[in-house]
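Shown next, in C-alpha cells, is the structure this report addresses.
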Ligand code: ATP
Ligand code: MG
Ligand code: MG
Ligand code: MG
C-alpha cells in the first residue's frame with residue numbers, strides 16, 4: 001500500500017511516527033483491514049530524534065519505514081523466519097553480521113531464533129521494556145518486539161555484545177508482536193487477534209548495503225548534503241566535523257520540510273506548524289554556520305523535490321506551494337535572524353551561567369527564535385536557558401491575548417487556536433511512550 005500522510009488521523013500523536021500508525025484502528029478491531037497481510041513504505045517524522053540528527057550515524061527526523069503487517073494472520077514464528085529470509089537472502093546480508101534482540105520475558109521468540117533459525121545464543125540479546133516492548137503511545141496497541149541489528153565488526157567476537165555501541169551495531173528491523181492493548185490506567189488486555197507490525201528503516205538498510213559510514217552519505221540524502229556544501233563553497237569530504245553535522249542537518253531537515261508542506265502543514269507557532277517552522281529555521285541557521293549568506297531554501301527545496309519526486313509524485317503537484325512556503329518563511333526569519341543572533345551573542349557574553357526566561361522569550365517573540373534554537377546556541381556556548389521562566393513568560397502573553405480576545409467575540413481564529421492548543425497539549429505523549437525518555441520535542 002502507498003504511504004499514508006504524515007498528518008495522522010489520530011489525536012494522540014502529532015505526526016506519523018511509524019508505519020503502524022495508519023493501522024491503529026485495525027489493530028484495535030475498530031476497522032476492517034484491507035487485507036490480512038499488507039506491506040508499506042511509510043513516510044515518518046520523529047521530532048524526538050531532532051537532536052540526534054547529524055550526531056548519530058542513523059537518526060533522522062524524516063525517514064521511510066518499510067513494514068510488513070499481519071492482521072490476525074501470520075504471527076511470531078512466521079514473522080521471524082520471513083524477516084531472516086528477507087535480510088539474509090533478499091538483501092543478502094551475511095548471517096555472521098547479524099545479532100538479534102528479544103524482550104527479556106519472551107522465551108518463545110528467543111527459542112525461535114535459536115532453534116528454528118539457528119542463531120547462536122550469544123547473538124540473541126535479551127533486553128528490557130524500554131528497548132523491546134513497543135507502543136505507539138501511552139495507550140493503544142502494543143507488544144513485545146524483537147529487533148535485528150547489523151554488526152559492522154563481527155571479528156570482535158560474540159562475548160560482551162553491547163547493542164548500545166553504535167559504532168559497532170545498527171538496529172535496522174523491528175518485529176513487533178502486537179497482541180495487547182494498554183488502557184489509560186496502564187493495564188494490558190489481549191487484543192482480539194494476534195498481529196504483526198514490523199519496521200525497517202530504508203535509510204539504515206541503504207547505509208548497510210551501500211557500505212557507507214552513515215545514513216547521510218547514501219544516495220537517499222547525499223545529493224542534498226552535496227548541494228548544501230556547494231552553496232557554502234566547501235567540500236563535505238574535507239569539512240570539519242561541525243560543518244559536516246550542519247550539512248547533514250540541512251539534508252535531513254529539507255526532506256522533512258518538503259513532505260510536511262506537501263501533506264498540508266504551514267509554518268506557525270502551534271503544533272505541527274511549529275515543528276515545520278523549527279525545522280526551517282534550523283536549516284537557515286545551519287546554512288549560515290557553513291557560510292551560506294544568502295537565501296537558499298528555494299534552491300535546496302527544488303533539489304529535495306527532485307530527489308524524491310519519483311517515489312512521491314504528489315511533490316510535483318504541490319511544488320509551487322512548497323517553494324512559496326520555503327521562500328516566505330526564510331525571508332521572514334532572515335529579517336530578524338541577524339539582530340537576534342547579535343542580541344543572543346551579547347546575552348551569552350554578559351551571562352555566565354544561563355539566559356533568563358524573559359530573554360529567551362524576547363528572542364522568540366521579537367526575533368522569531370524557537371526556544372530550542374536559543375537552547376541549541378546557548379548550549380554550544382556552555383550556558384543553559386531558564387525554560388520554566390520562558391514558559392511562564394509565554395503563558396503570561398497567552399493570558400494577555402485571551403483577555404484581549406474576550407471583547408472581540410468568538411472568531412474562527414479562536415476555534416482554530418483551541419484545536420491547535422489541544423493538539424499541542426497531547427503532542428508529547430507519543431514520543432514519550434515511544435522513547436521512554438524525558439526529553440521532549
Ligand atoms: P533507535 O533505537 O535506533 O532509535 P528505534 O528502536 O527507536 O531505533 P523503532 O521504533 O523500532 O526504532 O522503529 C523501527 C525502525 O525504524 C528502526 O529499526 C529503524 O530502522 C527505523 N528508525 C527508527 N527511528 C529512526 C530515525 N529517527 N531515523 C531513521 N530510521 C529510524
Ligand atoms: Mg531501538
Ligand atoms: Mg526499535
Ligand atoms: Mg529511537
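The values are calculated or read from the model by the stated rules, or taken from the named source; none is laboratory data. Predicted, not measured: the structure shown is a model, and the values here were computed from it. Positions of Cβ are generated from backbone atoms using ideal geometry, with glycine treated the same way; all protein chains shown enter the neighbour counts.
Consider residue 87 carefully, then state whether it is surrounded by fewer than 12 Cβ atoms within 10 Å (Cβ to Cβ), within 15 Å of ligand 1 (Cβ to nearest atom), under 27 Å from the mean Cα position of the chain (by Cα) and assigned to a helix (DSSP H, G or I). Against the criterion (surrounded by fewer than 12 Cβ atoms within 10 Å (Cβ to Cβ), within 15 Å of ligand 1 (Cβ to nearest atom), under 27 Å from the mean Cα position of the chain (by Cα) and assigned to a helix (DSSP H, G or I)), residue 87 does not qualify.
Comparison of 137, 143, 199 shows that the only residue that is in contact with a helix residue (DSSP H, G or I) (Cβ under 9 Å, 6 or more places away or on another chain) and either within 13 Å of ligand 1 (Cβ to nearest atom) or not in a loop (DSSP other than H, G, I, E, B) (or both) is 137. Residues satisfying the criterion are absent from the range 313-325 (criterion: within 20 Å of residue 377 (Cα to Cα), buried (at least 20 other Cβ atoms within 10 Å of the Cβ) and under 22 Å from the mean Cα position of the chain (by Cα)). Screening residue 55 on (1) within 14 Å of ligand 4 (Cβ to nearest atom); (2) at pLDDT 95 or above shows it passes everything except condition (2). Take the conditions (1) surrounded by 20 or more Cβ atoms within 10 Å (Cβ to Cβ); (2) more than 17 Å from residue 199 (Cβ to Cβ); residue 61 misses just one of them, which is (2). Close Cβ contacts (under 7 Å, 6 or more residues apart or on different chains) running from residues in the range 146-160 that are in the same structural domain as residue 98 (by TED's automatic domain parsing) to residues that are more than 16 Å from ligand 1 (Cβ to nearest atom) and in a loop (DSSP other than H, G, I, E, B) comprise 158/120.
From the list 255, 277, which one is over 17 Å from residue 222 (Cβ atoms), touching a residue at least 12 places away in the same chain (Cβ under 8 Å) and assigned by TED's automatic domain parsing to the domain that holds residue 333?
Values: 255 fails: over 17 Å from residue 222 (Cβ atoms).
Going through 255, 277 in turn, the sole match is 277.
So residue 44 fits all but one of (1) crowded, with 22+ Cβ neighbours inside 10 Å; (2) touching a residue at least 60 places away in the same chain (Cβ under 8 Å); what number is the exception? Of everything listed in (1) crowded, with 22+ Cβ neighbours inside 10 Å; (2) touching a residue at least 60 places away in the same chain (Cβ under 8 Å), residue 44 misses just condition (2). Only one entry of 48, 68 meets the criterion of being at pLDDT below 95 and either in a loop (DSSP other than H, G, I, E, B) or not assigned by TED's automatic domain parsing to the domain that holds residue 260 (or both), and that entry is 48.
Selection of the range 118-134 for residues being more than 16 Å from ligand 4 (Cβ to nearest atom) and assigned to a loop (DSSP other than H, G, I, E, B) yields 118, 119, 120.
Can you work out which of the residues in the range 158-178 that are more than 16 Å from ligand 4 (Cβ to nearest atom) and under 25 Å from the mean Cα position of the chain (by Cα) is surrounded by the most Cβ atoms within 10 Å (Cβ to Cβ)?
Here is the first cut: in the range 158-178, the residues more than 16 Å from ligand 4 (Cβ to nearest atom) are 158-162, 167-168, 177-178.
Applying the additional criterion that residues be under 25 Å from the mean Cα position of the chain (by Cα) yields 162, 167-168, 177-178.
Working: 162: 9, 167: 9, 168: 17, 177: 26, 178: 30.
In this case the residue turns out to be 178.
Among the numbered conditions (1) within 22 Å of the chain's Cα centre (by Cα); (2) more than 16 Å from ligand 4 (Cβ to nearest atom), the only one that residue 102 does not meet is (1).
Across the range 176-196, what is the number of residues that are assigned to a strand (DSSP E or B) and either within 9 Å of ligand 1 (Cβ to nearest atom) or farther than 20 Å from residue 80 by Cα (or both)? Summing the residues that are assigned to a strand (DSSP E or B) and either within 9 Å of ligand 1 (Cβ to nearest atom) or farther than 20 Å from residue 80 by Cα (or both) in the range 176-196 gives 8.
Mind checking which residues of the range 24-44 are part of a strand (DSSP E or B) and either over 14 Å from the mean Cα position of the chain (by Cα) or more than 9 Å from ligand 1 (Cβ to nearest atom) (or both)? Working first, answer last.
First pass over the range 24-44, keeping only residues part of a strand (DSSP E or B): 37-44.
Listed by number, the residues that qualify are 37, 38, 39, 40, 41, 42, 43.
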